[in-house]
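As structure tokens, the structure follows; a few thoughts come after it.
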Amino acid sequence: MIRSFARAAVAVATLAALSLPAFAHVTLEVQEAKLGSTYKAVLRIPHGCGTEATNAVRVQIPEGFFNVKPMPKAGWTLETVTGPYAGSYDNHGTTMTEGVKEIVWSDGNLPNEFYDEFVFRGTFAGTLEPGKFYFPTIQTCASGEEAWIDVTGAEAADMPAPSLTLVEGDAHH
Amino acid sequence: MVSFSRRGRVAVGLAWLFLLAFCASAWAHAQLLESAPVSGSILRTNPGEVSLSFNEPVTPLAVSLIAPDGTATDLLSATSGGQNLNVTLPRDLTQGTHLLSWRVASIDGHPIGASVVFSIGSVTQTQAAPGGDPLVAPLLWAGKAALFLALAFGIGTAAFSRVAPLPKRSQSIAQAFVIIGLSASLFTLCLQGLDALGRPLTAALSPPVWTTSMGTSYGITACVLGLAFLLSFLGLRRGGRAGAALIVLSAILAPLALALSGHASTAAPQVLTRPAVFLHVAGILFWLGALIPLAELLATAGEEADGALRRFSRIIPFAVGAILLSGITLAAIQLGVPGPTWLSPYGAILAVKLLLLLLVFALALYNRRSLTRPALAGDANARRRLRASILAEVVLVSLVLGLVAGWRFTPPPRALAEAAVVADPIFAHVMDEKVMAMLTVTPGQPGPVSIAIDVMDADMAPRSVQGVHLALSQPARGIQPIVQTATGAESTWQVNDLTLPFGGSWTVAVTIRLGAFEQRTITGSLDLP
């Protein structure tokens, strides 16, 4: 009896230890959004590349998240890469066919010991499928990068892209 | 007469040059080092081509692909030659097990061939491919054995006429062997072609068989040997000084011919091996050529016999010295460093040969030390025993020559060792709908390996990517992924210093960075023996 408890304890401890690195992933603060709704993405960067400080954060804006506006950040240069959308999206009566495809905060310095958040907002198209939606993100440091671009959704993924779950929105928007 | 023999020599030299030019398309003895895909691999799609890497340049002779339904497609025209053969496969290969049968000629003239079996999708039963005639190999061995015997007792005996006048019967024996040799040269040339193409005996007269044979280096050897036998025949018939000149020329051409092709002659360093083969064969011709005339001479008492025996005894130490020195050199090169390859058929033939030679040398020593002097002194008993001993030598060396003809079919250990060093890389092919990767694991065995990764797009064209890393695991045995980042650029990547501790089925996950924000992880399996 005692032995099985001990085993269970070890198993739980091991599980906890194994799942710990998940907290060190780059993640989004809000994990769920409705289709067709506006979403404020708060990207949490928990550490640098190994021990190196983060100098740039690049976020890819996938198709279906439109009317994107990043929030400027003191000490960082903000740039966007724009381009045509594959589809067209209705923004309160205006049809949008192009917009931000990538956001780049650069020339900054976020030491490994510190934590920071990067914010942008936009709208999820009502035509998207419910389910996981990924924002592939790359942290760039002095001599390397951390690429959070795994969009397979695999449980064991080393470096999953930050994601949220899209759910069915209200029938009328 | 002197001017005649000089003219004769010039004529023969020109004829020889002509023959050389005729046989100039000679190429190299090769061992297959690796094939891609490796034989036995199961691929998800048509590999597009099969590449075969050899240890030296080869000429493709026959290449065909046998589909799962047994139909054969001739791919010789789709094969590009050199040290690495690339066989472009038809685009519309069906699912199932295919067999690529290939045959190539190497510089030493020996054709070699094998098959690469690969399956697309799954393994299926493939109809057996038609092979060559089973009679060709034994006939080729018999032909080679006849050739060697004819060299020793035809040209060798004829050459003994330079030491002592040939007695009557020896003269006829020499002539008979020279004629056998002449036919054996033609016969083996034809069989070489049949063997090279894997054709049946009934195809003996078809022109491709002969052109193929002439295309191998054995072509020159057979030409020069034929010429040597012809010269000896004419020399024996003609007699006199002109005849003697022809015989001498023949005795030079014969070892030269053997130095032009064969396992030994093409081993590196050729500066050493070719002269060694020449000396070896020349020494043997002198020694063995003397046996029959000596035996006949000893049957009759007389000045002639004594003179011949005396001169033979004076020269033979040099000939035997040359044979031993060159023989040891060649054996050392051919055997390479001691190892399991010494137990190959090549090694077995060498061992039996050495055993027989030990007996021959024991006899020769006994003849020399115990019998020669009393025989010369007129001891009839000693002469009789010397004669019997010499005849025993003839039988033993005939066995040796027959044995040596079997070397035609056994690659020497050095070639085996070369092949073993990089043998059997393992291939794995992984793909999804957008990108695929071909992995080559070298060597294909547990332990330290390197893995080459070739990235392609869905149309099999090289795909330039930003990075690749591998994760190898054995989930069934609870072995967590061994992860390694590949180095390289564009479509060619490489993982070195990777150790795969066990054999068995490894799950390999290849993560390919297609762009800044795009990566794909494709999973496949890798079966390590």
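The single condition among (1) within 14 Å of chain B (Cβ to nearest Cβ); (2) surrounded by fewer than 13 Cβ atoms within 10 Å (Cβ to Cβ); (3) in contact (Cβ under 8 Å) with a residue 40 or more places away in the chain that A:Ala142 does not satisfy is (1). For segment B:76-109, give me each residue that is part of a loop (DSSP other than H, G, I, E, B) and either of a type in the set (Ser, Thr, Tyr) or surrounded by 16 or more Cβ atoms within 10 Å (Cβ to Cβ) (or both). Residues satisfying the conditions are B:Leu89, B:Leu93, B:Thr94, B:Ser106, B:Asp108, B:Gly109. Residues that are in contact with a Lys or Arg (Cβ under 6 Å, 6 or more places away or on another chain), in contact (Cβ under 8 Å) with a residue 12 or more places away in the chain and aliphatic (A, V, I, L, M): does segment B:304-319 have at least one? So far as segment B:304-319 goes, no, none of its residues is in contact with a Lys or Arg (Cβ under 6 Å, 6 or more places away or on another chain), in contact (Cβ under 8 Å) with a residue 12 or more places away in the chain and aliphatic (A, V, I, L, M). Within segment B:496-503, is even one residue modelled with pLDDT under 85, part of a strand (DSSP E or B), aromatic (Phe, Trp, Tyr) and more than 30 Å from A:Ile103 (Cβ to Cβ)? Among the residues of segment B:496-503, not one is modelled with pLDDT under 85, part of a strand (DSSP E or B), aromatic (Phe, Trp, Tyr) and more than 30 Å from A:Ile103 (Cβ to Cβ), which makes the answer no.
Among the candidates B:Ala276, B:Ala305, B:Ala319, the residue that is part of a helix (DSSP H, G or I), crowded, with 17+ Cβ neighbours inside 10 Å, in contact with a Ser or Thr (Cβ under 7 Å, 6 or more places away or on another chain) and aliphatic (A, V, I, L, M) is uniquely B:Ala276. Before we move on, is B:Val360 touching a Leu at 6+ places or on another chain (Cβ under 7 Å), without any contact (Cβ under 8 Å) to a residue 60 or more places away in the chain and among the β-branched types (Val, Ile, Thr)? Yes: the conditions hold for B:Val360.
The condition of being under 32 Å from the mean Cα position of the chain (by Cα) and small (Gly, Ala, Ser) holds for only one of B:Ala245, B:Ala332, that being B:Ala332. For segment B:368-383, a residue qualifies if it is in a helix (DSSP H, G or I) and either free of Cβ contacts under 8 Å to residues at least 24 places away in the same chain or of a type in the set (A, V, I, L, M) (or both), and the qualifying residues are B:Arg369, B:Ser370, B:Leu371, B:Arg373, B:Pro374, B:Ala375, B:Leu376, B:Ala380, B:Asn381, B:Ala382.
Test A:Ala74 against the stated conditions and say whether it is in a loop (DSSP other than H, G, I, E, B), among the aliphatic types (A, V, I, L, M) and more than 14 Å from every other protein chain (Cβ to nearest Cβ). It is true that A:Ala74 is in a loop (DSSP other than H, G, I, E, B), among the aliphatic types (A, V, I, L, M) and more than 14 Å from every other protein chain (Cβ to nearest Cβ). Only one entry of A:Arg44, A:Arg58 meets the criterion of being basic (Lys, Arg), under 25 Å from A:Gly144 (Cα atoms), within 13 Å of the chain's Cα centre (by Cα) and within 14 Å of chain B (Cβ to nearest Cβ), and that entry is A:Arg58. Kindly indicate whether A:Phe66 is in contact (Cβ under 8 Å) with a residue 40 or more places away in the chain, within 23 Å of A:Ala142 (Cβ to Cβ) and either within 14 Å of chain B (Cβ to nearest Cβ) or assigned to a strand (DSSP E or B) (or both). Here the answer is no, as A:Phe66 does not meet what is asked. What residue, among those in segment B:154-170 that are among the aliphatic types (A, V, I, L, M) and part of a helix (DSSP H, G or I), is nearest to B:Leu236 (Cα to Cα)? Filtering first and then ranking leaves B:Ala158. Just the residues that are facing chain B (nearest Cβ under 10 Å) and more than 20 Å from A:Val68 (Cα to Cα), please, taken from segment A:149-173. If the condition is that a residue be facing chain B (nearest Cβ under 10 Å) and more than 20 Å from A:Val68 (Cα to Cα), then A:Asp150, A:Val151, A:Thr152, A:Ala154, A:Ala156, A:Ala157, A:Asp158, A:Met159 are the ones that fit. Can you name every residue in segment A:84-119 that is away from chain B (no Cβ under 14 Å), closer than 14 Å to A:Ala41 by Cα and surrounded by 17 or more Cβ atoms within 10 Å (Cβ to Cβ)? Once the filter is applied, which keeps residues that are away from chain B (no Cβ under 14 Å), closer than 14 Å to A:Ala41 by Cα and surrounded by 17 or more Cβ atoms within 10 Å (Cβ to Cβ), segment A:84-119 yields A:Asp116, A:Phe118. A:Gly122: away from chain B (no Cβ under 14 Å) and of a type outside the set (Ser, Thr, Tyr), yes or no? Judged against the criteria, A:Gly122 is a match.
The values are calculated or read from the model by the stated rules, or taken from the named source; none is laboratory data. What you are looking at is a predicted structure, and each value in this text was computed from that prediction instead of being measured. Cβ: placed from backbone, ideal geometry, glycine included. Neighbour counts: every protein chain shown.
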